[in-house]
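Single-structure report; data block below.
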Amino acid sequence: MDLLNKLNDFAKNITDKTADAIEIGKLNSKINSETAAISELMKQIGAVYYDKYTAGLVPDPDAAEFFASIDEHKACISEARSEIERIKAENEAAKAAAGAVICPSCGFANSHGTKFCQECGTKIESYTAVKVCPSCGAELSDNVKFCSNCGTKIE
């Protein structure tokens with residue numbers, strides 16, 4: 001029965017991680033589209049000011065609508081970034097409680113002794129080596145049987 005509970009917990013953790021990764025992907029996509037919208041509005045502001053400039057006029061009220069739209073897009077970006085930080089913080093707290101090494105970049109829970117994040121490749125600073133691979137010199141944790149860098153069997 002204990003094995004079934006562990007399998008259920010493992011499946012739930014995988015499902016939660018997948019759901020969070022999908023949500024973060026959606027939020028990053030939203031940030032990109034909002035940033036693109038700001039860029040387009042900036043081009044429009046530039047065109048308005050340039051047209052006013054070439055006509056010899058001083059532009060003021062015409063740009064107010066663009067400024068309001070930019071503020072709305074920036075608020076959406078801020079909300080999405082806050083949500084990403086909340087999700088990462090929740091994941092980090094849960095994974096830290098489980099004894100995993102948390103990637104500072106993507107929040108992925110790596111096993112103890114991991115040198116680089118298995119999800120995004122970011123170097124894990126808190127890594128402490130116990131063994132060194134005789135073939136490539138990579139630092140390894142104590143319980144490995146094969147080098148994670150070159151695949152050499154560790155005696």
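Spot the failing condition for Arg86; the list is (1) exposed (fewer than 11 other Cβ atoms within 10 Å of the Cβ); (2) at pLDDT below 85; (3) basic (Lys, Arg), and only one is missed.
Going through (1) exposed (fewer than 11 other Cβ atoms within 10 Å of the Cβ); (2) at pLDDT below 85; (3) basic (Lys, Arg) one by one, Arg86 breaks only (2).
Restricting to region 48-66, count the residues that are within 25 Å of Glu34 (Cα to Cα), surrounded by 11 or more Cβ atoms within 10 Å (Cβ to Cβ) and of a type outside the set (Val, Ile, Thr).
Qualifying residue count for the region: 6.
Check region 134-142 and report whether any residue there is at pLDDT below 85, touching a Leu at 6+ places or on another chain (Cβ under 8 Å), surrounded by 16 or more Cβ atoms within 10 Å (Cβ to Cβ) and assigned to a loop (DSSP other than H, G, I, E, B).
No, every residue in region 134-142 fails to be at pLDDT below 85, touching a Leu at 6+ places or on another chain (Cβ under 8 Å), surrounded by 16 or more Cβ atoms within 10 Å (Cβ to Cβ) and assigned to a loop (DSSP other than H, G, I, E, B).
Condition check ((1) assigned to a helix (DSSP H, G or I); (2) within 21 Å of Glu119 (Cα to Cα); (3) more than 33 Å from the chain's Cα centre (by Cα)) across all residues:
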site: Leu7; (1), (2), (3): yes, no, no
site: Thr15; (1), (2), (3): yes, yes, no
site: Thr18; (1), (2), (3): yes, yes, no
site: Leu27; (1), (2), (3): yes, yes, no
site: Lys30; (1), (2), (3): yes, no, no
site: Thr35; (1), (2), (3): yes, no, no
site: Ala47; (1), (2), (3): yes, no, yes
site: Ala64; (1), (2), (3): yes, no, yes
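Taking the criterion of being more than 21 Å from Ala89 (Cβ to Cβ), assigned by TED's automatic domain parsing to the domain that holds Glu92, touching a residue at least 24 places away in the same chain (Cβ under 8 Å) and among the hydroxyl-bearing types (Ser, Thr, Tyr), would at least one residue in region 37-50 satisfy it?
No, the conditions are met nowhere in region 37-50.
Taking into account only those residues within region 51-62 that are free of Cβ contacts under 8 Å to residues at least 12 places away in the same chain and part of a helix (DSSP H, G or I), which is farthest from the chain's Cα centre (by Cα)?
Among residues in region 51-62 that are free of Cβ contacts under 8 Å to residues at least 12 places away in the same chain and part of a helix (DSSP H, G or I), the one farthest from the chain's Cα centre (by Cα) is Thr54.
In the set Asp20, Asp9, which member is of a type in the set (Asp, Glu), in contact (Cβ under 8 Å) with a residue 24 or more places away in the chain and in the same structural domain as Ala68 (by TED's automatic domain parsing)?
Going through Asp20, Asp9 in turn, just one is of a type in the set (Asp, Glu), in contact (Cβ under 8 Å) with a residue 24 or more places away in the chain and in the same structural domain as Ala68 (by TED's automatic domain parsing): Asp20.
Please go through region 1-25 and pick out each residue that is among the charged types (D, E, K, R) and over 24 Å from Asn110 (Cβ atoms). Explain how you work it out, then say what you get.
Keep residues of region 1-25 that are among the charged types (D, E, K, R), which gives 2, 6, 9, 12, 16-17, 20, 23.
Residue satisfying the conditions is Asp2 alone.
The values are calculated or read from the model by the stated rules, or taken from the named source; none is laboratory data. Worth saying up front: this structure is predicted, and the values here are computed from it rather than measured. Positions of Cβ are generated from backbone atoms using ideal geometry, with glycine treated the same way; all protein chains shown enter the neighbour counts.
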